[in-house]
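In what follows, a single structure is set out as C-alpha cells and then discussed.
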Amino acid sequence: MAYSDLFSGNMYDFASPFTFSTQLNQIVTNLGVFRVEHHDVNSIALEKITDVKNLVAPEKMPYAQSDWNSAERPEFTNSLYQLKYTNSLNSVSSLDLAQFKARGVVDTADQITLAINDFSDAQYAQVSNTVEVDLVEALLGLRVNSQFAGQGDLDFLAGGSKTTYTMDISADANVFQQLSEIGRIQNVKLGSGLAQAKQGAVILASGKAAVALRYHPSVKDFMVYTLPLESGDNFYTRTKGANPGFETWTLNGVTVIDVTGYSLITDRIGVDSFVSIPLMAPESSAYVLHSGVGVRHATQGKGADLYHQYVIVDQRWGFPEVATECSYLPIVNVPQAIIFGTVSE
C-alpha cells in the first residue's frame, strides 16, 4: 500500500518489516526428552517404584507339594504434587484495529482476525518460553522452583550431589574411550532394569569441551578415515544441524550439540563443560512433563493439551480477548544418570 506524505508530497510504500528476534532456542523442548502426560486436574499423585527385586527362584523338589517359592512385589511410594501455573491475557482494542487499517486492512473482521493472530503467536511464545526455562532447570539444575505450588521447590537429588566426570582432552587422550566410560557410568546409575530402556545419549557441550568433541585428534582421525567423505555424520561436510542455530553432530552413537554462548544452558553446566543426558524410552517415565488444565474460565481450557488458548468476547463492546493458560510440572526420575562433565588438558 502506498501513501503520500502530507507536507512533501512524496509517495512511500510499506516494506516488509525486519524483526530482530530474541526468542529462546528451545533446545530441550525440541529434543523431545520429556514425555507429556495429561491430567484433568492440577493436583497429581505420583507413584514411584522404589525397589524392584532381582528375583531368582531356587531349585525345589519336584514332588513336595508344600515346597513353593514365592515372588515379592515391587515396593511403591506415593507423593502428592501441585502443577505450576502460568497464563497470559490480551484484549484487542480500537488502537489495534486502527494500526491494521493504516496498513491497508480495511475490513473490521480482518483487522480483528489479524490482531488475534498476533496476540496468539506472542502468547504462545511467551508461555512456551516459560516452560522451556523450567525444563532446562529440571534437566540441568535437577530441581523445579515454585512460589505457589503446594510442594514449593522440588529437588530431584533430595539433597544429594550430581554425578560428575572429568574428560581428558590432552593430545594423547582417547575421546571415544571416555565416551564409552560415560555410557557405562550411566548404565550403572540407571540400574540393570532401566538401562534396558536407554536409547542413546545426547551431550550439550560448550567452549573447550565442544571443541574437543569436534576437533580432538582422536575424533578427527576417526571421522576422516573411517567415514565416507560426504557422510552426514562427518562434521567437516555437515551442512545442516538438527537444531537451528547450533552445530550438531554424532560421535559413536552420541548426539552432540554445541551450546557455546547460549547462557540458558551454560549458566547451568559451565562455560567449558558438558552434560551427558541418557535418552530413555517414553514408557520408562524417566522424564515426564505433567500437563494440567486451565483454571480461569468456566468451560474453556479443559482439554488434554499442554497449552490452552482460547478467545472470549466482551458482549458489551464486542472486542475479543485472547487468553493462554498452562499448568505443568516436569519430573526427572533419573537425576543421578545425568552426568555433568568438565575437561582437563
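Looking for something touching a His at 6+ places or on another chain (Cβ under 9 Å), under 14 Å from Pro330 (Cβ atoms) and either crowded, with 18+ Cβ neighbours inside 10 Å or β-branched (Val, Ile, Thr) (or both) - is there at least one such residue anywhere in the range 124-147?
no
In the set Ser88, Ser94, which member is among the small types (Gly, Ala, Ser), closer than 30 Å to Ser263 by Cβ and at pLDDT 90 or above?
Ser88 is the lone residue from the list that is among the small types (Gly, Ala, Ser), closer than 30 Å to Ser263 by Cβ and at pLDDT 90 or above.
Output the number of residues of the range 78-135 satisfying the condition of being among the acidic types (Asp, Glu) and either farther than 25 Å from Leu264 by Cα or in a loop (DSSP other than H, G, I, E, B) (or both).
Number of matching residues: 4.
Checking the conditions here, which among Val127, Val133 is of a type in the set (A, V, I, L, M), in contact (Cβ under 8 Å) with a residue 60 or more places away in the chain and under 30 Å from Lys208 (Cα atoms)? Before the answer, list the steps.
Numbers: Val127 fails: under 30 Å from Lys208 (Cα atoms).
The match here is Val133.
For (1) among the β-branched types (Val, Ile, Thr); (2) touching a helix residue (DSSP H, G or I) at 6+ places or on another chain (Cβ under 7 Å); (3) outside the structural domain of Leu306 (by TED's automatic domain parsing); (4) modelled with pLDDT of 95 or more, each residue gets a yes or a no:
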| residue | (1), (2), (3), (4) |
| --- | --- |
| Met167 | no, yes, yes, yes |
| Ala171 | no, yes, yes, no |
| Phe176 | no, yes, yes, no |
| Gly193 | no, no, yes, no |
| Ser218 | no, yes, yes, no |
| Val224 | yes, no, yes, no |
| Glu230 | no, no, yes, no |
| Thr248 | yes, no, yes, no |
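Keeping to the range 303-345, report how many residues are within 19 Å of Ala149 (Cα to Cα) and in contact with a His (Cβ under 6 Å, 6 or more places away or on another chain).
2
Looking at (1) surrounded by 14 or more Cβ atoms within 10 Å (Cβ to Cβ); (2) touching an Asp or Glu at 6+ places or on another chain (Cβ under 9 Å), which is the only condition Thr77 fails?
Looking at each condition in turn, Thr77 falls short on (1).
Tell me, please, whether a residue that is without any contact (Cβ under 8 Å) to a residue 40 or more places away in the chain, surrounded by fewer than 21 Cβ atoms within 10 Å (Cβ to Cβ), farther than 18 Å from Leu83 by Cα and in the same structural domain as Asn30 (by TED's automatic domain parsing) can be found in the range 317-333.
Checking the range 317-333: at least one residue is without any contact (Cβ under 8 Å) to a residue 40 or more places away in the chain, surrounded by fewer than 21 Cβ atoms within 10 Å (Cβ to Cβ), farther than 18 Å from Leu83 by Cα and in the same structural domain as Asn30 (by TED's automatic domain parsing).
Would you mind telling me which numbered condition in (1) surrounded by 14 or more Cβ atoms within 10 Å (Cβ to Cβ); (2) over 18 Å from Gln26 (Cα atoms) Leu89 fails?
Every listed condition holds for Leu89 apart from (1).
Using the structure shown, decide if Phe156 is crowded, with 19+ Cβ neighbours inside 10 Å and aromatic (Phe, Trp, Tyr).
yes
When the range 288-345 is examined, which residues are found to be under 26 Å from the mean Cα position of the chain (by Cα) and of a type in the set (Asp, Glu)?
Asp305, Glu325 - these are the residues of the range 288-345 that are under 26 Å from the mean Cα position of the chain (by Cα) and of a type in the set (Asp, Glu).
The values are calculated or read from the model by the stated rules, or taken from the named source; none is laboratory data. This is a predicted model, so every value here is computed, not measured. Glycine also receives a Cβ, built like all others from the backbone with ideal geometry; neighbour counts cover every protein chain displayed.
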